Amino acid sequence: MTDQIGVIGAGAWGTTLAVLLADAQRPVSLWTRTADAAQRLAHARTNERYLPGITFPPNVRVMTDHAYLAEPHRFYVLAVPSAHVRATLRQVADKLHPEAPILSVVKGIEEGTHLRMTEVIEEELPGRRVAALSGPNLAREIAGGKPAGSVVASTDAELAAELASVLSSDRFRVYTNPDVIGVELAGALKNIVALAAGMVDGLGFGDSAKAGIITRGLAEMTRLGVAAGAHPLTFAGLAGVGDLIATCMSPLSRNRRAGELIATGVPWPEAGERLTGIAEGVATVTGALELAAAQAVEMPIAEQVRSVVFEQRPPLAAVAALMARSPKDELGD
């Protein structure tokens, strides 16, 4: 078995995982879409745009040539924005080594189909073994050597155990979970809640309001996840509460920062242009609400986030709408 690992996507998280795996003395191929980007990364041996100051280990090979993807790989890591997953897979499908599994580290729900990312992979690459990685994983912290935990989910227990073993190190602890639906939905939906939490920050409402948004956001996430077939306890784990806390609280969170900018008067998409990277919550909210409608699940916070981002509803009006909702049992809908 080859030990080479291919990382498809050279953004912040893809680059971080390439460095993490290379630090564990594994050969890594880091694939980027354009020759210019590959040449720049290969020459600088760092990703100045996303992770300045983090040097690539010598066993990271940067490439754009599809021919290298066809080499034997132990597995591929898919690390592109959720909106580009299907197009990327179509671009590389006939180049990937046929026996290598794919680990999705993408957090999103496809608009129009409301499919999770592993479902998109399974549609485009039928028969391929797949898994998903999710958790409170801020790229800058992990690339800088700070400890973190994550969870890899697959219905294939042997694959999940293998991936967890390969990814785990003295600074990155990886658990396994058979609940792919829950792990993927938790990772995607928390970005929407983080947008709302950022809006609370931008409005200056304080920690009580933010705690309320995070908690009720978790209720929405869990409600939709369970309706879609997830295990409720997954949302109490690293992919759920863990990732939710990190994304809603950290100044490094792009989704939280996007919400904060919008609440201070910077409209979308201008707010997105001020970020280094993608605020996946914006790309996910429509697909999430499509899935919620299909499952007959109410998601009032997500609905207000969409109205603020895409319909330019004033954030204060969105808050007023949420506060005016009729009283409900906290344990119900």
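We did not get these values from a lab; they are worked out from the coordinates using the rules stated. Just so we're clear, the structure is a prediction, and the values are computed from it rather than from any experiment. Every residue, glycine among them, receives a Cβ derived from its backbone with ideal geometry; neighbour counts consider all protein chains shown.
Add -39500 (n - 2.57) for each DSSP H run of 4 or more in the chain, then divide by its residues: what number comes out at 222 nm, to the nearest 500 deg cm²/dmol?
Numbers: 15 runs with 160 residues, N = 333.
The per-residue figure over the chain is -14500 deg cm²/dmol.
With a ≥ b ≥ c the root eigenvalues of the C-alpha gyration tensor of segment 117-186, is it rounded (a/c under 1.5), prolate (a/b larger than b/c) or oblate? Don't jump to the answer; show the numbers that get you there.
Numbers: a/c = 2.17, a/b = 1.75, b/c = 1.24.
Note, shape of segment 117-186 comes out prolate.
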Order of H97, H114, H66 - criterion: other Cβ atoms within 10 Å of each residue's Cβ, fewest first: H66, H97, H114
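Find how much the distance from V266 to M323 grows on full extension, using 0.36 nm per residue of separation minus their present alpha carbon separation; answer in nm with one decimal.
Numbers: separation 57, 0.36 × 57 = 20.52 nm, distance 2.36 nm.
That works out to 18.2 nm of additional length.
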Helix 280-294 axis, angle to the chain major axis (alpha carbon atoms, nearest 10°): 70
Residue list for segment 280-315, given a label point 7 angstrom along the Cα-to-Cβ vector of R216 and an amide N cut-off under 11 Å: 300-302, 304
Normalised convex hull volume, segment 5-180, alpha-carbon set, Å³ per residue: 107
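If you take every residue apart from P147 with its C-beta less than 15 Å away from the C-beta of P147, what net charge results, scoring Lys and Arg +1 and Asp and Glu -1? Numbers along the way, then the final one.
Working: positive: R140, K146, R171, R173; negative: D23, E141, D170.
It works out to a net charge of +1.
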Choice from L233, L185, L21 showing the highest fluctuation, given a GNM over the chain with Cα pairs closer than 10 Å: L233
Under 13 Å, Cβ to Cβ, from T55 - net charge with Lys/Arg +1 and Asp/Glu -1: -1
Entry for Rg and Dmax of the Cα atoms in Å (calculated from the structure that is shown) out of (1) 18.1, 55; (2) 19.3, 60; (3) 18.4, 61: (2)
Mean-position separation - Cα centroids, segment 1-53 and segment 217-291, in angstrom: 26
Crossing angle, helix 12-23 versus the chain [Cα axis fit, 0-90 degrees, rounded to tens]: 40
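Using 1/(1 + (r/R0)^6) with R0 = 51 angstrom and r between the beta carbons of D207 and Y68, what's the FRET efficiency to the nearest 0.05? Kindly include the intermediate steps, with their values, before the conclusion.
Working: r = 49 Å, r/R0 = 0.96.
The value I calculate is 0.55.
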Percentage, to the nearest whole number, of Cα pairs in segment 225-320 over 21 Å apart: 39
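Can you tell me how much longer the chain between R90 and I245 gets when fully stretched, taken as 0.36 nm per residue apart minus their C-alpha distance, in nm with one decimal? Mind dumping the intermediate values first?
Working: separation 155, 0.36 × 155 = 55.80 nm, distance 3.44 nm.
So the chain would gain 52.4 nm between R90 and I245.
Between H43 and F310, what is the FRET efficiency for a Förster distance of 51 Å, r being their Cβ-Cβ separation, to the nearest 0.05?
Numbers: r = 40 Å, r/R0 = 0.78.
That gives a FRET efficiency of 0.80.
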